[in-house]
């Protein structure tokens, strides 16, 4: 029997926190270990509870969610952060991912998708809203610098295809379906891409793809 996924909720709206807690506490295998009304309190609770996943609001009084994400991951490096916001604004998505978040979802995400995202990031996957990914493609792609040849030239044609698919926000299963590969083969390719490019995880791969105008 595995341990429950421990979740910390950080949001300045009490009703939002209550809604998330009710949803998460009703889900087998997930336990809410704390609630915080602002970024500073979220950091204190992250320090004391060491949660597996932090649901982090963006717009909060005092310390905002982007700065709080970076600091929470400093004090609890094993935690994973999902940025949550009502605003479909790409600077928040990009800022949150650059701060170390493993996911970015809009607050109108369906409950099943939120639960799936919590489980995904707890196992090291990324959880990025398709809507956000599409908007980032539209708004950032055209004005990001061209990729430098040195790092990308180390990738095989298949690995480059895998990197592009990661940049589009596809999961390992979806990448496997696109290229008719088993999920274990996709995981192997993803691992090689991360190693060759010196990236920590697939979230950094998404950032790399956007920053280098690959998607």
Subject >> One residue from 7, 16, 32 being crowded, with 16+ Cβ neighbours inside 10 Å and closer than 18 Å to residue 100 by Cα >> reply: 7
Original post:
Out of all the residues in the range 43-75, which are under 16 Å from the mean Cα position of the chain (by Cα) and part of a loop (DSSP other than H, G, I, E, B)?
Top reply: 51, 52, 58
Original post:
Can you tell me how many residues in the range 1-52 are touching a strand residue (DSSP E or B) at 6+ places or on another chain (Cβ under 7 Å), touching a residue at least 24 places away in the same chain (Cβ under 8 Å) and within 23 Å of residue 123 (Cβ to Cβ)?
Top reply: 21
Subject >> Lone qualifier among 67, 93, 46 - being farther than 15 Å from residue 13 by Cβ and at pLDDT below 85 >> reply: 93
Original post:
Based on what the data block shows, is residue 127 surrounded by 15 or more Cβ atoms within 10 Å (Cβ to Cβ), under 14 Å from residue 6 (Cα atoms) and in contact with a strand residue (DSSP E or B) (Cβ under 6 Å, 6 or more places away or on another chain)?
Top reply: no
**OP:** State all residues of the range 160-184 that are crowded, with 20+ Cβ neighbours inside 10 Å and part of a helix (DSSP H, G or I); if no residue qualifies, say none.
**Re:** 162, 163, 165, 166, 167, 172, 175
Original post:
Just checking, how many residues over the range 139-159 are at pLDDT below 85 and in a helix (DSSP H, G or I)?
Top reply: 9
**OP:** Please enumerate the residues belonging to the range 49-64 that are surrounded by 22 or more Cβ atoms within 10 Å (Cβ to Cβ) and modelled with pLDDT of 90 or more.
**Re:** 51, 52, 53, 54, 55, 56, 57
**OP:** Quick one: in the range 185-215, of everything that is assigned to a loop (DSSP other than H, G, I, E, B) and more than 15 Å from residue 171 (Cβ to Cβ), which residue is nearest to the chain's Cα centre (by Cα)?
**Re:** 200
Subject >> Filter pass, residue 117 being modelled with pLDDT of 80 or more, touching a strand residue (DSSP E or B) at 6+ places or on another chain (Cβ under 7 Å), part of a helix (DSSP H, G or I) and buried (at least 18 other Cβ atoms within 10 Å of the Cβ) >> reply: yes
Original post:
Is it the case that some residue within the range 189-200 is touching a helix residue (DSSP H, G or I) at 6+ places or on another chain (Cβ under 8 Å), at pLDDT 80 or above, loosely packed, with under 14 Cβ neighbours inside 10 Å and more than 19 Å from residue 120 (Cβ to Cβ)?
Top reply: yes
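The values are calculated or read from the model by the stated rules, or taken from the named source; none is laboratory data. Bear in mind that the values here come from a model prediction, so they are computed numbers and not experimental data. Note: ideal-geometry Cβ built from the backbone for every residue, glycine included; neighbour counts use all protein chains shown.
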